[in-house]
Amino acid sequence: MDARPDTNITPVSAAAPGSGGVGPLLELKGINKSYGPVQALTNLDFHINPNEIIALLGDNGAGKSTLIKLISGLVQPDSGTIMVNGKPTRLNSRRDSEQLGVETIYQDSALVDSMSITRNIFMGRELTNSLGFMQHRKMRQIASEVLQGVVNIRGIDSPDVLVGGLSGGQKQAVAIARAVYFNRKILLLDEPTSALSVRATEALLEYIKKLKEDGVSSVLVTHNLYHAYLVCDRFIVMSHGQKVCDVSRQETTIEELTRYVILE
Amino acid sequence: MKKLTPAFANKKMDGLEQGMIPNPEKKSWSRLLKGNSDLPMEILILFLLVQFICCLSSIIFPANFRYLSESNISVLLKAIPVLGIISLGIGLLMIAGEFDLSVGANYTFTGIVIATLVESGLSAFLAAPLGLALGVLIGLLNGFLTLRFRIPSFIATLATMLFWQGMTLLYHGATSIRFYPGDIFTNLMAGQIGLMETSFLWFVALSLVFWAVLHRHKFGNHILAVGGNKQAATAIGINPTRVKLAAFGLAGFCAALAGILAASRVGTIQPGQGAGIELRAIAACVVGGVALTGGRGTILGVFLGAGLIYTIEDILLLLRAPGFYLDIFIGILIAGAAIFNQLVRERMVR
Ligand SMILES: Nc1ncnc2c1ncn2[C@@H]1O[C@H](COP(=O)(O)OP(=O)(O)O)[C@@H](O)[C@H]1O
Ligand SMILES: [Mg+2]
């Protein structure tokens, strides 16, 4: 992948210098973001710790997706700082967040239906020789292993299958497989389950938990409190661009969370 | 920048039985027919079938259907490359999700510019690269108009098609122009090696290059991604503007190269010669399995599509059928190919 001497972005790490080994992977401080007259985020503080799954809750228009896009580098804040490993960092593009170790998974996962699983997994990060020609055999072998590995996608026997023929759950599994293979440290999932069957949703939540054991932190945007409560360690409720609640699993109950989400 | 060490490799993969990994070399027949590989089976079968029937008929009726005669083979090999090369450029651009209706005008305009340069004393070996560069610029201009102002390329290139057609007349007038590039250049572009035409060899060579680019190079992967799902490609960090702009430039390059080949073969350029060739190139691509919506298509398909259109034209000529039959047949072929491709796709994504 291309070297970028102009930026000083280093992958997030739990043992960053200055963080004392226990600091957050990523920290947002006093973030403001507006779209014209619409204030999408107001003076928002947010952080992701190592080895945790965060639930991001709140009504439509609360600013959840905007926050996800900000960390993905797709949207830039009007003011406020993003700290990585204790250093202020600018995320100007998807490439920047990629270098950080961030992977985003959307409801309509960022996959191309008309391409094979292999080509999708390596899309934009192809393994190539020095002339840019793809090492197809190697990519295919890896894709094949990833399909059988941590995400273990049921019912797919070949990495040559076109993604368009997969179910919603299988597609998301491919997107997660992509994140796993590229050794991501932070997984952002923006309403990933809204198009999934019950079984596929359970499988997805299971992946997220498994990935936590491997040191991957996740932010799960969802409307389903029950799902969130199954896997998440910390719950953040947003309303009108502001954080109205930030509690750990030990400090709360599903009833209390329900009240927060409904009242706000 | 980073080491590609899968997080799971050390843990989960160790216990994995070798047998659980599907054999990468195993490709089932049905999978090939489902169209997921780089091999356009349908068009390949159709093409081979048509060739087989033609050859068989020619052997059975050598006096009436002279398909395998030397003169006919030479006519075919001469006719295919011009349309074929334009189709390669258009095909790649269509796979990237855009159109170029101005390739015919580009083909004529750059041809005439090269011819006037040669007429004024410049060596063809210098004029030709200049012409190719001009073709690329015209293609890039199309890309700029389309991408910068976010207008459909169909409209943008309709405008530039008319613009360059007009510019051709403004620059040279409505008369034809001679093209005498010298023997070496002519032999290189439109000579013969035995039965083989050098222009056809150029077409084959360019097809191989395009095949390598689309199916084996990462740029090709980006073209397929941008044409297939622009949002997904963007989200993953591919720059769709850059990819499409390059495809526009390549389409312009192909148009100019076709102009050089055609001019070398005939020795003159007619200001009206490019009219309609863009539609026939799009037809060749559609017959070859390129999706009008982008994201799908193969270079072999485009190659065979162009070949098939000329084979049918040739058959009708050999049968001394009036010219309008050609349009009727090509029309049926395009509709048939489009319907067939749609059916295959719907079954595939079911
Ligand atoms: N691209 C945009 N242009 C204008 N307004 C936007 C844009 N994206 C989001 N917004 C507005 O910002 C607010 C927050 O949106 P969003 O982050 O998508 O909320 P959520 O994901 O929580 O539903 C909403 O009022 C929405 O209308
Ligand atoms: Mg949202």
1.4 Å probe accessible area per residue over the protein assembly as shown, in Å²: 44 Å²
At R0 = 35 Å, FRET efficiency that the Cβ-Cβ distance of B:L169 and B:L48 yields, to 0.05: 0.20
Label-zone membership for region B:230-263, site B:A133, 7 angstrom Cα→C-beta point, backbone N under 15 Å: B:253
Spatial extent of chain B: Rg and Dmax, with the Cα atoms as the point set, Å: 22.2, 77
Shielding of A:116-124 by partner chains, average beta-carbon count, 10 Å: 5
A:L127 long-range amide H proximity, modeled H, under 5 Å: A:Q135
With every protein chain in place, chain A: carbon and sulfur % of accessible area (1.4 Å): 50 percent
Volume per residue that the Cα convex hull of the protein assembly as shown spans, once the total is divided by residue count, Å³: 183 Å³
Members of A:K185/A:K212; A:K171/B:K230; A:K33/A:K69; A:K64/A:K243; A:K212/A:K243 lying beyond 19 Å, as alpha-carbon distances in this model show: A:K212/A:K243
Nearest-ten-degree value, helix A:136-148 long axis tilted from longest Cα axis of chain A: 50 degrees
Residue-wise HN-Hα coupling along region A:37-46, computed from phi with Karplus coefficients 6.51, -1.76, 1.60 (Hz; x: Gly, Pro): x, 7, 8, 7, 9, 10, 6, 8, 10, 7
Simple label model, 7 Å out from Cα along Cβ direction - A:R90 to B:A63, nm: 8.4 nm
Rel. contact order, % - alpha carbon contacts under 8 angstrom, at least six apart, chain B: 30 percent
For region B:256-301 and region B:63-104, distance of Cα centres in Å: 6 Å
Calculated on alpha-carbon atoms, Rg and Dmax of region A:199-245 in Å: 11.9, 34
Packing rank of B:89-102, B:316-329, where each peptide gets the mean count of other beta carbons within 10 Å, highest leading: B:89-102, B:316-329
Protection-proxy order for peptides B:177-188, A:245-256, each taking the mean of Cβ atoms within 10 Å per residue, highest first: B:177-188, A:245-256
Paramagnetic label zone (point 7 Å from Cα along Cα-to-C-beta, A:S167; backbone N under 20 Å) in region B:310-350: B:347-350
Chain A, relative contact order in percent, only Cα pairs under 8 angstrom and at least six apart counted: 25 percent
For region A:110-183, size of Cβ-based charge dipole, Lys and Arg +1, Asp and Glu -1, in debye: 100 debye
Test item: Cα-centred dipole of region A:107-149, Lys/Arg +1 and Asp/Glu -1 on Cβ, debye: 240 debye
Kirkwood-Stokes translational diffusion coefficient of region A:36-97, alpha-carbon pairs, 10 °C, 1.306 mPa s, µm²/s: 123 µm²/s
Cα coordinate range in region A:110-183, projected on the principal axes (Å, largest first): 36, 24, 20
Angstrom value of the Kirkwood radius, inverse mean 1/r, which spans all Cα pairs in region B:36-158: 17.9 Å
Peptide ranges A:169-181, A:220-232 listed from the most packed, as the mean C-beta count within 10 angstrom indicates: A:169-181, A:220-232
For chain A, convex hull volume per residue from C-alpha positions, Å³: 138 Å³
18 Å cut-off, amide nitrogen to a point 7 angstrom out along A:Q250 Cα→Cβ, residues in region A:39-76: A:49-55
Among A:G63, A:T81, A:I53 the positive-end extreme of the charge dipole of region A:48-108 (Cβ point charges): A:T81
Where labels lie 7 Å past Cα in the beta-carbon direction, separation of A:A195 and A:T42 in nm: 3.3 nm
Relative contact order (%) - region A:110-183, alpha-carbon pairs under 8 angstrom, separation at least six: 43 percent
Dipole magnitude of chain B, debye to nearest 20 (Cβ charges: Lys/Arg +1, Asp/Glu -1, about Cα centre): 1280 debye
Rounded tilt (10° steps) of B:103-119 against the dominant C-alpha axis of chain B: 50 degrees
Buried solvent-accessible surface, both chains (A, B), 1.4 Å probe, Å² to nearest 100: 4100 Å²
Using a Förster distance of 51 Å, the FRET efficiency for A:T10-A:E202 (Cβ separation, nearest 0.05): 0.90
Relative counts (whole %) of C-alpha pair distances in region B:145-230, using bins that are 10 Å wide: 13, 20, 30, 29, 8, 0
Number of partner chain Cβ atoms within 10 Å, mean per residue of A:177-183: 4
Region B:239-350 - convex hull of the alpha-carbon atoms, volume per residue in Å³: 131 Å³
Angle in degrees between helix A:198-213 and the longest Cα principal axis of chain A, rounded to the nearest 10: 80 degrees
Per-residue ³J(HN,Hα) for region B:149-163, Karplus 6.51 cos²θ - 1.76 cosθ + 1.60, θ = phi - 60°, Hz, x for Gly and Pro: 9, 6, 9, x, 5, 4, 6, 4, 7, 5, 5, 6, 4, 5, 4
Other protein chain Cβ atoms within 10 Å, averaged over every residue that makes up B:61-72: 0
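The values are calculated or read from the model by the stated rules, or taken from the named source; none is laboratory data. These numbers come from a predicted model, not from an experiment. With ideal geometry, Cβ positions are generated from the backbone for all residues, glycine too; neighbour counts draw on all protein chains shown. Protein only, heavy atoms only, side chains kept; ligands, DNA and RNA dropped before computing areas. Shrake-Rupley method; radii C 1.70, N 1.55, O 1.52, S 1.80 Å.
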